[in-house]
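Quick note: the coordinates plus some simple rules give every number you see, no bench work behind them. Every value quoted in this text rests on a predicted model; they were computed, and no experiment measured them. Note that we place each Cβ from the backbone using ideal geometry, even for glycine, and neighbour counts take in every protein chain shown.
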Amino acid sequence: MSRKTPSGEDFQGVVGRTIEESKPWWPAAKFKAGAPNVVLVVLDDTGFSHFGCYGSSIATPNIDALAAGGLKFTGFHTTALCSPTRACLLTGRNHHAVGMRAISNFDTGFPNMRGALPRSAATIAEILRDNGYATFAAGKWHLAPMSECSAAGPFTNWPLQKGFDRYYGFLQGETDQFFPELTCDNHFVDTPASPEDGYHVSEDLVDRSAGMIRDLTSLVPERPFFLYMAFGAMHSPHQAPQTYLDKWRGKFDAGWDVVREQWFERQKALGVIPPETRLAPRNPGVKPWTELSLNEQRFACRLQEAFAAMLDHTDAQIGRMVAFLKSVGQWDNTVFIVMSDNGASQEGGATGVLDEMKWFNGIRESVDEAVERLDDIGGPNSHCNIPWGWAQAGNTPLKWYKQNTHGGGVRDPLIVHWPAGLAAAGETRNQFCHVIDVAPTILDLLGIAQPEVVAGVPQMPVHGVSLKPAFADAKAALERGPQYFEMLGHRGIWKDGWKAVTHHAAGKPFDEDRWELYHLADDFSEYEDLAEREPERLKAMIDLWWAQADIHGVLPLDDRPATALFRASMRPGLPASRNRFVYYPPLSHIVADACPSAARGWTTILELDHPDGPADGALVARGSLNSGFALYVKDGRLVMDYNDFHSHTRAEAKAALTPGRHRIQLSVARQADGSGTLGIAVDGEVVAGAQAPRLLFILSSTGMDLGRSLSPVTHDYAAPFTYPGTIHKVVFETPESMPRGEVKAQVRAEMTRQ
């Protein structure tokens, strides 16, 4: 007979007055014997055709092998943006319903955009952990407001509070692949090596993931695991080891028109698209390749080579994970899923970018100047992204891009591999499905019911359905209703093979949007608009969109360009909601969203004890080799380096800093023409000054360090360049007023860090 203990345990043994009169009892293990493992690999900004098995000429042999041994889905859809797709992926609910209308950096004050998942939408990690699984996450998170991602927290929305036992990765929407901002569990950690040592974050993520699994399988091999591995690839910056960059030299010289046609024909030959599919026309703004200047072609080719090198390198890391699982006897019973979170990115613009942060600052990049640095592309000295023409090639045969609700934004690759559980191998599945279906599918495969209550919180309905019926039957009907889409004002609705969709221009009244109508069952690429031919069907679809929008919390529609001003970081009690910042080193790395603004000019005061002897090191460093600033001691002298996209302004003291206690003041004043006056004073005496031609509004996506430099801002030193003295206090003060340019730059930055 069971009895309740004071702790609430349903004890099924016997408790007598003595041990002789009692019978012990232990609860059974939560997991089922032989339960499969799950590895969920998510790539960023990877278009429908980018994998070799989906048509491209980019080498992805390991991903292709997974498709050859498993199932390849061609009707898989996402939300067109990263944070919303990941919210759907991990919860099985639509993104507006769980407060993730756009990227997690936002909080507009409405329920559909809080930038964090509610407790009523538990992640699949929480459910699997409650069912005995070990749960690991590695890589990109971007499901917590970045204002909450400093060392001060709150940690409520970090991975460990969302169901994961262990985490190693980066919390932001993007990171430098050679100098990443890394988090281990609930604290920031240093990059374990440098690019000179061969470091790349994708390799590190696989190493750490393998380490987590190795610990588990070595000690408790019968316990199953769930690994969520979200690479920074293929989000910008596109960076890869030099050997991979060299491998792709000259491979795209034919241009995007020729390559897109080649990929299109490969897709038909592979059965990825129906043979009658028509190739969507060039998107607006994409020039014919032959109309580009020689420099535009050279620049575009090198950017695409870096993209291909990064994807090739990422595929190799997926191969390393597969090999590891085989080496520890965990491969056959592992459900291995590979997918992308949205289509190829449009954020490189018409020509592509060498330094993405220039776009944030409203600086038009000169292609003629960029080609002078072609060899930097793909390495630590670049922060690049591909142009529209190559992005549309990556979305072949579809139109538009990431952020849009046409096929190019929402139709993505999905591969499922499971040796012990999938009879079919190398087959294609064409059913319409959505990222909200992945979590229900995993639970169905594992035989775990969706709980009604998690951690004492009643759960909201799950919107996705299981894809398991399609695993055994290529023609299986899925029990799903209509599926809406909405992203940044772009809208769409799918039902029974039909899709209505609109491309929205920001600021235009929503009622003036022109809706298009496509019969996706016969028109894979959304080529033939049937809106005028089928007005009644179109009206019914539009009405259905509004009904679904009401059900799933899509409203209010919001396309304000100043959305960034409503971020959660403006709330009192969070790191950026002030104009005076007082730090007491040593301190953890400070993410960009928690840093003082560098746009308005600022004053930094340091109180320190400078030691005898060699005492070089970084005092304050923010940014990377591509943009930022650093105040440091080099050859005994104080130096301020302001890095404006590799154009350096340097203020250097003539005399060495003497040993002892000092008060050092760095002053940066924005002038009316946008330039900056730099000054360094020691104990009240000015020792150096300079005039920077331009102060950037958005400095870098890499944050700040005190007494060290996570990422070098100049080639004058190598990271971490730790200062050997003692810094007692650092004070930043910024002006109250916010320049108009800073507002625009913040909007650009927040909307593009996806």
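General remarks:
- Structural descriptor for the chain: relative contact order 16 percent, calculated from alpha carbon pairs under 8 angstrom and at least 6 residues apart.
- Each other residue within a Cβ distance under 11 Å of A506 adds +1 if Lys or Arg and -1 if Asp or Glu, for a net charge of 0.
- Separation of the E736 and D257 label points, Cα + 7 Å toward Cβ, nm: 5.8
- Pairs exceeding a 19 Å alpha-carbon distance, out of K268/K495; K32/K72; K499/K539: K268/K495; K32/K72.
- Spatially proximal aspartates and glutamates relative to K508 (Cα-Cα < 19 Å; intrachain offsets below 8 disregarded): E486, E516, D558, D559
- FRET efficiency for the E9 to D207 pair, using the beta carbon distance and R₀ = 30 Å, is estimated at 0.15.
- Cleavage-rule hits, trypsin sites (Lys or Arg not before Pro), segment 600-663, DSSP coil, Cβ neighbours within 10 Å at most 14: K654
- Mean ellipticity per residue at 222 nm, deg cm²/dmol - from DSSP H runs of n ≥ 4 across the chain, formula -39500 (n - 2.57): -6500 deg cm²/dmol
- Calculated SAXS-style log₁₀ I(q)/I(0) at q = 0.05, 0.10 Å⁻¹ - segment 37-472, Debye, Cα scatterers: -0.16, -0.65
- 20 Å cut-off, amide nitrogen to a point 7 angstrom out along E276 Cα→Cβ, residues in segment 399-428: 399
- Extension gain, E222-R249: 0.36 nm per intervening residue step, less the Cα-Cα distance, totals 5.0 nm.
- Rg followed by Dmax, in Å, when segment 483-551 is reduced to its Cα trace: 11.5, 34
- Per-peptide average of other Cβ atoms within 10 Å, ordering 336-347, 585-596 highest first: 336-347, 585-596
- At an R0 of 30 angstrom, the distance between the Cβ atoms of Y527 and D197 translates into a FRET efficiency of 0.05.
- Protection proxy ranking, highest mean first, for peptides 177-187, 522-532: 177-187, 522-532, where packing is the per-residue count of other beta-carbon atoms within 10 Å, averaged.
- Relative exposure of E479, E174, E365, judged by other C-beta atoms within 10 Å (fewest first): E479, E365, E174
- Dimensionless Rg over Rh [segment 580-735; C-alpha; Kirkwood]: 0.92
- Of all lysines in the structure, those lying under 23 Å Cα to Cα from K23, and not within fewer than 8 positions of it along the same chain, are K4.
- The alpha carbon radius of gyration of segment 444-572, expressed as a multiple of 2.2 N^0.38 Å, is 1.33.
- In this calculation the C-beta distance from A655 to D716 is compared with R0 = 25 Å, giving a FRET efficiency of 0.85.
- Range of Cα positions in the chain per principal axis (Å), largest first: 88, 78, 48
- In straight-distance terms, cross-link reach from K247 covers every one of the aspartates and glutamates whose alpha-carbon lies under 14 Å from its own, apart from those fewer than eight places away in the same chain; here that gives E305, D312, D375.
- Binned Cα-Cα distances of segment 25-81, short to long, each 5 Å bin given as a whole percent: 4, 12, 19, 21, 12, 8, 7, 7, 5, 3, 2, 0, 0
- Remark: the R514-S647 segment gains 43.4 nm on full extension, using 0.36 nm per residue and subtracting the alpha carbon distance.
- Net length gained if the chain between V457 and F110 were fully extended (0.36 nm per residue, minus Cα distance): 122.8 nm
- Taking a Cβ cut-off of under 9 Å around K358, the surrounding Lys, Arg, Asp and Glu residues balance to a net charge of -2, with basic ones at +1 and acidic ones at -1.
- Mean Cβ neighbour count within 10 Å, used as a protection proxy, ranking 695-708, 8-21 highest first: 695-708, 8-21
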